[in-house]
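A short write-up of the structure that comes next.
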Amino acid sequence: MDDHGIALPLSPALRWENDADGPAVVLLDQTRLPAAETELACRDVPALVAAIQTLAVRGAPLLGIAGAYGVALAAVRGDDVEAAAALLADARPTAVNLAYGVTRALAAYREALGERGDLAAAASVVLEAARELHVEDARAAARMAGHGRGLLRELVPGDGYRLLTHCNTGVLVSGGEGTALGVVLAAHRDGALARLWIDETRPLLQGARLTAWEAARFGMPHTLLADNAAGSLLASGQVDAVLVGADRIAADGSTANKVGTYPLAVLARHHGVPFLVVAPTTTVDLGTPDGGAIHVEQRDAGEVTHLPVAPRTPVAPAGTLAYNPAFDVTPPELITAIVTENGVASPVNGKTLAALVDAGA
Ligand SMILES: CSC[C@H]1O[C@H](OP(=O)(O)O)[C@H](O)[C@@H]1O
């Protein structure tokens, strides 16, 4: 429930548990989807860090929530909370939300400990801080969906939207119903979604494995495509808008998102198709001035040379070198609008973006 007593749809991707086996951050293991829906109970911070690094839990807003619960897990266990927070914040570099969630939880812990000097009391305070972030993100997801559906009504004549998305941005990245896919879901619930085109999103196939799984669960009309087919699809006139998420939005509106987003933005601009980024203001990092200052995570070559699902069949000869940036950066001039829980920034620039961040302060 949110603070107005309104039932908020909380994501199935992550929950806190403290049962006979002790405290745990319980995840829907995203490395096993779509073949299996299995839970992964992280009972200490090293296990949660490993889950973050293997993308058992992933997606910027959800990483922030996981990081905050990780600090709470260390506190409840009586571990070194400062050391645990450092491990969590460094688990993945690009999504600003992870460091944000960890920092916010750690600040709550430090304040409580300073005031009361009581570890148990501080542990309950930081757990409540994690829960607050969780609900805030679910509320932000609902508000982004509202702003996004309004923008689509302005941009796309009639109903029957044909929307293209990249990677995965639904319940599996959120405390609630997601970012970009949350907007698509709202359009679907309005009866306005004719087709969701899903980029498979090499190399880890978040689109094929996760977005198609979410679209099927919600009954959305959807079609999967190889990333390389997006250009001819846009050229064919079958896409009314492209919607993507974000991992870090710099102060000038430059946006880091899953690799393949930047070429999609160039294609969308070339074909005159609106390109929308949907992200909560916790993904905006006014301390990072522009795209060149964003640290893009480089990941293991094995993710490119092997399929991402068991038995991880090699698709290249042994010893093949691979270039595997997890993200790329789209400049603000290629982005039609950034949709946040506080409203829409368009044109995308430092002024319109800062106004949305300030609106939530
Ligand atoms: C809206 S957060 C989802 C965002 O995170 C994904 O990256 P990863 O799967 O590596 O966590 C991708 O960039 C999505 O757009």
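Numbers below:
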item: Residue 182 within 12 Å of the ligand (Cβ to nearest atom) and either outside any helix (DSSP H, G or I) or open to solvent by less than 10 Å² (accessible area, probe 1.4 Å) (or both); result: yes
item: Sole residue being among the basic types (Lys, Arg) and open to solvent by less than 30 Å² (accessible area, probe 1.4 Å), chosen from 15, 58; result: 58
item: Entirely in the stretch 303-361, the strands (runs of 3 or more DSSP E) that have 3 or more residues that are within 18 Å of residue 248 (Cβ to Cβ); result: 327-330, 337-340
item: Number of the exception - residue 258 against (1) over 13 Å from residue 96 (Cβ atoms); (2) more than 11 Å from the ligand (Cβ to nearest atom); result: (2)
item: Positions within the stretch 32-82 being among the small types (Gly, Ala, Ser), under 17 Å from the mean Cα position of the chain (by Cα) and at positive phi, in sequence order; result: 59
item: Criterion: closer than 30 Å to residue 254 by Cα, outside the structural domain of residue 239 (by TED's automatic domain parsing) and either away from the ligand (no atom under 16 Å from the Cβ) or in a loop (DSSP other than H, G, I, E, B) (or both) - qualifying residue of 82, 132; result: 132
item: Qualifying position, being open to solvent by 70 Å² or more (accessible area, probe 1.4 Å) and either touching a helix residue (DSSP H, G or I) at 6+ places or on another chain (Cβ under 6 Å) or in a helix (DSSP H, G or I) (or both), among 23, 46; result: 46
item: Residue list for the stretch 266-298, filter: of a type outside the set (A, V, I, L, M) and surrounded by fewer than 19 Cβ atoms within 10 Å (Cβ to Cβ); result: 269, 270, 271, 272, 287, 289, 290, 292, 295, 297, 298
item: Pairs, first in a loop (DSSP other than H, G, I, E, B) in the stretch 208-235, second charged (D, E, K, R), C-beta under 6 Å, six or more apart; result: 221/195; 226/200
item: Top-ranked residue of the stretch 185-209 - restricted to ones that are at positive phi and within 14 Å of the ligand (Cβ to nearest atom), ranked as surrounded by the fewest Cβ atoms within 10 Å (Cβ to Cβ); result: 205
item: Enumeration of residues in the stretch 141-179 that are farther than 21 Å from residue 335 by Cβ and within 16 Å of the ligand (Cβ to nearest atom); result: 142, 171, 172, 175, 176, 177
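Residue-wise test of (1) touching a residue at least 60 places away in the same chain (Cβ under 8 Å); (2) over 21 Å from residue 169 (Cα atoms).
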{"site": "17", "(1), (2)": "no, yes"}
{"site": "28", "(1), (2)": "yes, no"}
{"site": "39", "(1), (2)": "no, no"}
{"site": "53", "(1), (2)": "no, no"}
{"site": "58", "(1), (2)": "yes, no"}
{"site": "67", "(1), (2)": "no, no"}
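The values are calculated or read from the model by the stated rules, or taken from the named source; none is laboratory data. Worth saying up front: this structure is predicted, and the values here are computed from it rather than measured. For neighbour counting, all protein chains shown are included, and Cβ atoms are generated from backbone atoms with ideal geometry for every residue, glycine included. Accessible surface areas use protein heavy atoms only, side chains included; no ligands, DNA or RNA. Shrake-Rupley method; radii C 1.70, N 1.55, O 1.52, S 1.80 Å.
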